[in-house]
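Scroll down for the structure; my scribbles are underneath it.
The values are calculated or read from the model by the stated rules, or taken from the named source; none is laboratory data. Treat the numbers as computed from the prediction; the structure is a model and nothing was measured. Cβ sites come from the backbone with ideal geometry, for glycine too, and all protein chains shown count toward neighbours.
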Amino acid sequence: MTVDGGAHGAFLAYHEPDVIGILTLISFFLFLALSDWLADKIFRAGLIGQIVVGLVYGVPLANILEINWQETFLALGYVGLLLIIFEGGLTIRLDLLRQNFLLSTVAALLGVLTPIALSFALLYAGFGHAPLEAFIVGTALCSTSLGTTFVVINSASKDTDYSQTRIGTVLISAAVLDDVCGLVLVSVIHQLRGIAEDGDVNLGWIIGRPVLASGLLAILTPLIAKFVVGPLFRRFLEKPLAKFKHVSNILLMTLVVCAFLAIASFAGASMLFGAFLAGAFLSSLPSKESVPSGIRDGELGGTETTSFVSTFENYLSGPQRFILQPLFFASIGFAIPFVELWTGEVIWKGVVFTILMVLSKLVVGLVVPAWDMISAVGFPSPAAPANERMSARKAASASWAPATLLGTAMVARGEIGLLIIQIGLNETPFLTRRAFVIGVWAIVLNTIIGPASVGVLLKKVGNQIATDKTWGTQSKPRELDVESVMVSGGDGEEGRRSA
C-alpha cells in the first residue's frame with residue numbers, strides 16, 4: 001500500500017488486498033484453530049499446537065507470513081496476554097490470596113533461586129561457560145510464563161475453575177511474584193553493557209527501582225481501593241452506572257487497565273503486573289463480590305448491578321480466546337530460533353539442561369507437603385481447623401497431587417524466558433551464541449513439557465485436587481466485601497465478621 005498526498009493532506013490509498021495474502025491469513029487462523037484442537041486431544045494443552053503453527057508460518061521455518069504481519073500479530077498477541085492476566089486478577093479469590101501470601105512468596109523465591117543455582121552448577125561448573133553467561137541463562141529460566149499458567153489452569157476443565165482453588169491461588173500469585181523478580185533481574189541484564197564499558201552505573205537504583213515500583217503498586221493499590229476509590233464508587237457511581245450495564249463496565253475496565261499499564265510501565269514495574277493489579281482493583285469496587293461465572297446477573301437476590309466478570313465473559317472472552325490468545329502463542333513460535341537448535345553438541349547439552357530446569361521448578365511443589373507437615377504440628381493454617389489436622393507424615397503424603405500441580409504448572413517459561421535471553425544476547429557482550437541456544441532449548445521444551453504435564457495430571461486427578469479439603473476449592477465467606485480482604489491485617493475470622 002502507498003501513502004498519497006493531496007490538497008487536504010496525506011492518506012492511505014485503499015485497494016483490494018491480493019488474493020494470496022488473504023488466503024495465507026485465512027490458512028494461518030484456520031491452522032491455529034485446528035492445531036489447538038489437535039494438541040488439546042493429544043497433550044491436553046492446545047497452546048503447544050499454536051506455538052508450532054507460529055514456528056512454521058514465522059521466520060524460524062517457512063516464513064510464510066510477511067514480516068509486517070508477524071510484527072502486528074506479536075503486538076496483538078501481547079494484548080491477548082495482558083487480557084489473560086487481567087482476567088486472572090479479576091477472578092482471583094482475594095481472600096485466598098491474602099491468606100496464602102507467605103506460602104506464595106516462599107514458592108516464588110524457590111522458583112527463582114533454584115534455576116539460577118542449577119544454571120551455575122551445570123553451565124559454569126559443568127560446561128565451562130563464563131559466570132555471567134550462567135547468570136543470564138539462569139535468569140531467563142527462573143521466570144514463569146504468566147500467560148501459559150493462566151491458560152492452562154483455566155482450560156483444564158469445563159466443570160472446575162482451578163483458579164478458585166487454594167492451590168490455584170498459590171500458583172497464580174507465585175507466578176506473578178516470579179514475574180516481578182524476573183523484571184528486577186532483566187533490569188540488571190540491561191545494564192551489563194554499561195557496567196562492562198565504563199562502570200559508571202548506579203546498580204543499586206537499577207535493582208531498587210523495579211522492586212520499589214512493584215512494592216508500592218502492590219501496597220497502594222488495595223489501600224486506594226479500600227479507602228478512596230471503593231467508597232466513592234459505591235456511594236456516587238455504582239447505582240447511576242448500573243442502568244448502563246455492560247457499556248459502563250467496558251468503559252471503566254478500559255480506563256483502569258490503561259491507567260495501570262501506564263503507571264506500571266513508567267514507574268519501572270512490569271505491565272503484566274499492572275494488568276493483574278488492574279483486575280484485582282476492579283474486583284474490589286462493587287458492594288458485593290462479583291457474580292460467579294455461569295450465573296446470570298440478577299439470579300442472586302435480584303441485584304441490578306452487572307458484574308465486571310460478566311461483562312468480560314460477554315464481550316472480551318470470545319475475542320481473547322479465539323483471536324488474541326492464539327496470536328500470543330503463535331508469536332512465541334515466531335521468536336524461537338528453531339534451525340539453530342539442531343547443531344552439534346548443543347542438542348545433548350540443551351536436553352540435559354532442559355531436564356535440570358524442569359526439576360528446578362518441580363521442587364517448588366515441595367512447599368505444599370512441607371506446609372502441611374508444619375501445619376500438622378501446630379503452625380497456624382487458615383485452611384485447616386485444629387480438629388481436622390492430620391499427622392505430619394499423613395498430611396505430606398495426602399498432598400502429592402496439589403504439590404505436583406504447583407510444580408508442573410511453574411515449568412513453562414514461554415514469552416518471558418525468550419525475552420530475557422534475547423536481551424542477554426542482543427544487548428550485552430557476555431552471552432555467547434552457544435549458551436544462548438542451550439538456554440532456548442530449555443525454554444522451548446519446558447514450555448511444551450509443563451502444559452502437557454498439567455493437562456495429563458488434571459485429567460487423572462483433577463477432581464481429587466478440586467475436592468481436597470485443604471488445597472481444593474474453598475468455601476467463600478458469606479456476602480464477602482472483596483476489598484476488605486485485600487488489606488485486612490486481622491485473621492480470617494475477624495475479616496469475615498467485618499464483611
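See the values below:
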quantity	calculated
Residue among LEU183, LEU277 that alone is within 20 Å of SER145 (Cβ to Cβ), at pLDDT 85 or above and under 18 Å from the mean Cα position of the chain (by Cα)	LEU277
Filter result for VAL364 (modelled with pLDDT under 85, at negative phi and not small (Gly, Ala, Ser))	no
Checklist (1) modelled with pLDDT of 95 or more; (2) touching a Ser or Thr at 6+ places or on another chain (Cβ under 6 Å); (3) not β-branched (Val, Ile, Thr) applied to HIS246, failing item	(1)
Hits in region 125-176 (condition: touching a residue at least 24 places away in the same chain (Cβ under 8 Å), farther than 30 Å from THR428 by Cα and outside any helix (DSSP H, G or I))	ALA156, SER157, THR160, ASP161, THR165
Hits in region 264-274 - residues which are closer than 19 Å to PHE312 by Cβ and surrounded by fewer than 24 Cβ atoms within 10 Å (Cβ to Cβ)	MET271
Subset of region 61-98 [part of a helix (DSSP H, G or I) and either among the polar types (S, T, N, Q) or at positive phi (or both)]	ASN68, GLN70, THR72, THR91
Where a residue in region 433-446 is assigned to a helix (DSSP H, G or I) and its partner, wherever it lies, is basic (Lys, Arg), with Cβ under 8 Å and at least six apart	ILE438/LYS349; TRP441/LYS349; ALA442/ARG413; ILE443/ARG413; ASN446/LYS361; ASN446/ARG413
